[in-house]
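Asks: Following this message is one structure expressed as structure tokens.
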Amino acid sequence: MVGRFNVRPGDGPRHWLVWDNAMNGRRGEEPTEARAQALAADLELQYDAHGPRDPRSVRRPDKPVAVDAWQPRIGELDAWVSEGGEWIGRVKLPDGQIKWISQRELRPAEGSRQVGRSPSGGAS
């Protein structure tokens, strides 16, 4: 389940927790929200709802690829995970947020270097 890990405020403005929803407990902590979001996104690539993710269910392009979704150049895709028979892209938005977006909604941005397709034919 993409969304197993989320970020919560900790004790004070320089304390952010990465929460594991499957274990219902803290998985890590960081001094900034951005670093906590990055840690949560990396953990999503390593674990699904049941434990360690099958390595065949994760794909990474050689370099991040600019992608379009609901608007042009929504951000850069740097990884795919397979969830329930569907590939979902990890996209870093210009403001640093990380979003998980279905392959059905993603396509390479015009003029971006296309390095191939997702494992099932979406953008990469």
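Asks: List the pairs whose first member sits in the range 37-58 and is without any contact (Cβ under 8 Å) to a residue 12 or more places away in the chain and closer than 13 Å to Val81 by Cα, whose second member is open to solvent by 60 Å² or more (accessible area, probe 1.4 Å) and acidic (Asp, Glu), and whose Cβ atoms are under 9 Å apart, counting only residues at least 6 apart or on separate chains?
Replies: none
Asks: Can I ask one more? Take the residues of the range 6-34 that are outside any strand (DSSP E or B) and acidic (Asp, Glu): which is farthest from Trp100 (Cα to Cα)?
Replies: It comes out as Asp11.
Asks: So, Asp62, is that one open to solvent by 10 Å² or more (accessible area, probe 1.4 Å) and part of a helix (DSSP H, G or I) or not? Steps first, answer last, please.
Replies: Working: open to solvent by 10 Å² or more (accessible area, probe 1.4 Å): yes; part of a helix (DSSP H, G or I): no.
No.
Asks: Still on this structure, I have one more. Residues being surrounded by fewer than 17 Cβ atoms within 10 Å (Cβ to Cβ) and closer than 26 Å to Thr32 by Cβ: count how many of those fall in the range 65-102. Before the answer, list the steps.
Replies: The first filter runs over the range 65-102 and keeps only residues surrounded by fewer than 17 Cβ atoms within 10 Å (Cβ to Cβ), leaving 70-73, 84-86, 93-97, 99-100, 102.
Retained after the next criterion (residues that are closer than 26 Å to Thr32 by Cβ): 73, 93-97, 99-100.
Residues meeting the conditions: 8.
Asks: Consider Arg14 carefully, then state whether it is out of contact with any Cys (no Cβ under 6 Å at 6 or more places or on another chain), open to solvent by 50 Å² or more (accessible area, probe 1.4 Å) and modelled with pLDDT under 95.
Replies: Against the criterion (out of contact with any Cys (no Cβ under 6 Å at 6 or more places or on another chain), open to solvent by 50 Å² or more (accessible area, probe 1.4 Å) and modelled with pLDDT under 95), Arg14 qualifies.
Asks: Suppose we filter the range 103-124 for residues that are in contact with a strand residue (DSSP E or B) (Cβ under 6 Å, 6 or more places away or on another chain), within 15 Å of Gly84 (Cα to Cα) and at pLDDT 90 or above; how many remain?
Replies: Number satisfying all stated conditions: 1.
Asks: Are any residues in the range 43-59 part of a helix (DSSP H, G or I), crowded, with 16+ Cβ neighbours inside 10 Å and among the charged types (D, E, K, R), and if so, which ones? So that I can check it myself, show each step before the final result.
Replies: As a first pass, look at the range 43-59 and keep what is part of a helix (DSSP H, G or I): 43-46, 55-57.
Subset that is crowded, with 16+ Cβ neighbours inside 10 Å: 43-45.
Passing the criteria: only Glu44.
The values are calculated or read from the model by the stated rules, or taken from the named source; none is laboratory data. This is a predicted model, so every value here is computed, not measured. Every residue, glycine as well, gets a Cβ built from its backbone with ideal geometry; the counts of neighbours run over all protein chains shown. Just the protein is used for accessible areas: all its heavy atoms, side chains included, with ligands, DNA and RNA removed. Shrake-Rupley method; radii C 1.70, N 1.55, O 1.52, S 1.80 Å.
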